[in-house]
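One structure is given below, encoded as structure tokens.
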Amino acid sequence: MNTPVRKLVAVVDDDPRILESLQDLLESAGYAVVLHASAGSLLASDVAGIDCLITDVGMPGIDGFELRDRVKRLRPELPVFLVSGRRDLTDDGAAGQVSGEFFRKPFDGSALLAAVDRAVRAGSGG
């Protein structure tokens, strides 16, 4: 009997509490999770193996927008979700920067998880 391969979600946030919270949420839903405290850490890793990315927008150095853009150049099909506590960003964008899925902190974990589920299922053809 084959054991299904768990989908791998990468989470990038400079707040360890958010990393821990998202790890708990995603693992409780059966995902494998890899955590990164910075965009540079993710970019130094092998992004080819991940099935989804959740990233904070406001981080020192490389922010979430730039991280999304860099990862999309490598993996255009990869689902990327942006999260932010910034109030000047909206779902339809701040100067057109936000595209795709956007969640404002504090976010609804079940809504984020449902979005990840949809994106990962679509990406795996099922």
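The values are calculated or read from the model by the stated rules, or taken from the named source; none is laboratory data. This is a predicted model, so every value here is computed, not measured. Counting neighbours? That spans all protein chains shown, and the Cβs are built from the backbone with ideal geometry, glycine included.
Applying the criterion of being part of a loop (DSSP other than H, G, I, E, B) and modelled with pLDDT under 95 to the residues of region 45-56, the residue that is surrounded by the most Cβ atoms within 10 Å (Cβ to Cβ) is SER45. Going by the structure shown, is LEU35 among the aliphatic types (A, V, I, L, M), assigned to a strand (DSSP E or B) and either modelled with pLDDT under 95 or on the phi > 0 side of the Ramachandran plot (or both)? Taking the combined requirement at face value, the residue does not satisfy it. The listed residues are VAL98, VAL120, VAL80, and the only one of them that is out of contact with any Asp or Glu (no Cβ under 6 Å at 6 or more places or on another chain), at pLDDT 70 or above and of a type in the set (A, V, I, L, M, F, W, C) turns out to be VAL80.
All conditions but one from (1) closer than 16 Å to PHE102 by Cβ; (2) touching a Lys or Arg at 6+ places or on another chain (Cβ under 6 Å) apply to ASP51; the one that does not is (1). Restricting the first member to region 97-109 and to residues that are within 12 Å of GLY64 (Cβ to Cβ) and assigned to a loop (DSSP other than H, G, I, E, B), and the second to residues that are at pLDDT 55 or above and of a type in the set (Phe, Trp, Tyr), the beta-carbon pairs closer than 9 Å and six or more apart or on different chains are GLN97/PHE65; VAL98/PHE65; GLY100/PHE81.
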